[in-house]
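One structure below.
The values are calculated or read from the model by the stated rules, or taken from the named source; none is laboratory data. Computed from a prediction, not measured in an experiment: that's the story for all the values here. Methodologically, a virtual Cβ is constructed for each residue, glycine included, from the backbone with ideal geometry; neighbour enumeration extends over all protein chains shown.
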Amino acid sequence: MPEQRLFNARRIVVKLGSNVITARNGLNLDVIDSISRQISLLIDRGIEVILVSSGAVAAGIRKMGMDRRPDEIPKRQAISAIGQSDLMNVYEKSFGKFEKKVAQILLTGDDLVSRERYLNARNTLLTLLDWKVIPIINENDTVMIEEIKLGDNDNLAAMISLLMDADFLFILTDIEGLYNKDPRQFSDARLVDKVTDFKKEIEEYASHIPGTLGTGGMLSKIQAAKKVTSAGIPMIVAKGSAQNILLRLCDGENIGTYFVPKDAKLSSRKCWIAYTLAPKGSIVIDDGAVKAVRENGKSLLPIGVLSVEGEFEQGEAVSFKTPSNEMVGVGLVNYRASDINLIKGLKNKQIEGCLGGRHYDEIIHRNNLVLMDEC
């Protein structure tokens, strides 16, 4: 296990799942008090802690006496609003017992897609940490629509870890970690204590372990692990209700499933491009362009473009792929779709004559391009 990394960690992100902090009749106050105490002790050790907490929808469902999450979006948004106030009230009281202050931060995908808002969110979080205030982050379900939905809080926790250059991500759930089959159904299920690469069997294991109250099962945790480990950030999935779980993890105890980070990590900007932006279209490129970007580290030029799919503007994220539909990467385009259609297949010196000007030689500059192999 990563003892040295844990001992050296100075900023961590902790994600609490709905199943950890909710009980039959509402929020599980004992578990919340326990986690609050542990986080407070870690802060007293000099560790900065950012908390990503699910539970608003689950708390709202139980407060309203419902037996399941509503299907209609307005009802889900209303339930979230009802539960979110309860959730923050409980956290404020719980951390107050340990003389710690909290701040609520509700985010949507729009807040992280805009580079300016992305950096503003980072600055706000840095200020809160500097003031020794614990940020408690959740997706803003009350205004959520599909276009700005982050997906689930495992994904949100991964994105916050990337945003804040965290040293570690802990995802606390209702089982001990990743098993080869669902331990709630199979007595012979085996815990996977370490994941070094995301082989097909790892996703197969995860796909058979669904969530119940929350939106993300084990598969969403694997997807979160892919994001953070590609940026050099290690992640552990462990059982959130286990006694002193956070303290034991930070003391290097071998608990849960450890996702080993890559040695060659993506830059902060490339992580933002790869994992935060939703591609608005696609560009099909020829074999020469594939080799140039994959093997030679080159930018994507007009001469290598075969066709354009979708409508997008300059500066938006676009994926690029082979004629056989193999995804090669994603990047920020220097030209809108209609202009790329006009200059595809041309040499750089021909761009000006075609468009009446040449602002860029590249369709996607190497610095704004991320290969799938890097993720």
Which of the residues spanning the stretch 6-26 are basic (Lys, Arg) and surrounded by fewer than 23 Cβ atoms within 10 Å (Cβ to Cβ)? ARG10, ARG11, ARG24
So LEU332, is it out of contact with any Leu (no Cβ under 7 Å at 6 or more places or on another chain) and either surrounded by 13 or more Cβ atoms within 10 Å (Cβ to Cβ) or at pLDDT below 95 (or both): yes
Of all residues in the stretch 27-40 being surrounded by fewer than 18 Cβ atoms within 10 Å (Cβ to Cβ) and either of a type in the set (Asp, Glu) or under 18 Å from MET66 (Cβ atoms) (or both), the one that is farthest from the chain's Cα centre (by Cα): ASP30
Residue among ASP71, ASP33 that is of a type in the set (D, E, K, R), in the same structural domain as ASP193 (by TED's automatic domain parsing), out of contact with any strand residue (DSSP E or B) (no Cβ under 9 Å at 6 or more places or on another chain) and in contact (Cβ under 8 Å) with a residue 24 or more places away in the chain: ASP33
In the stretch 1-70, which helices (runs of 4 or more DSSP H) lie fully inside it and hold 1 or more residues that are among the acidic types (Asp, Glu)? 3-8, 29-44
If we ask which residues in the stretch 229-280 are of a type in the set (Phe, Trp, Tyr) and assigned to a helix (DSSP H, G or I), their number turns out to be 2
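Matching residues to (1) farther than 16 Å from PHE168 by Cα; (2) hydrophobic (A, V, I, L, M, F, W, C):
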position: LEU6; (1), (2): no, yes
position: ASN19; (1), (2): yes, no
position: ASN28; (1), (2): yes, no
position: VAL31; (1), (2): yes, yes
position: ARG37; (1), (2): yes, no
position: GLU48; (1), (2): no, no
position: LEU51; (1), (2): no, yes
position: SER54; (1), (2): yes, no
position: GLY60; (1), (2): yes, no
Does THR215 satisfy the criteria of being modelled with pLDDT under 85, crowded, with 16+ Cβ neighbours inside 10 Å and hydroxyl-bearing (Ser, Thr, Tyr)? yes
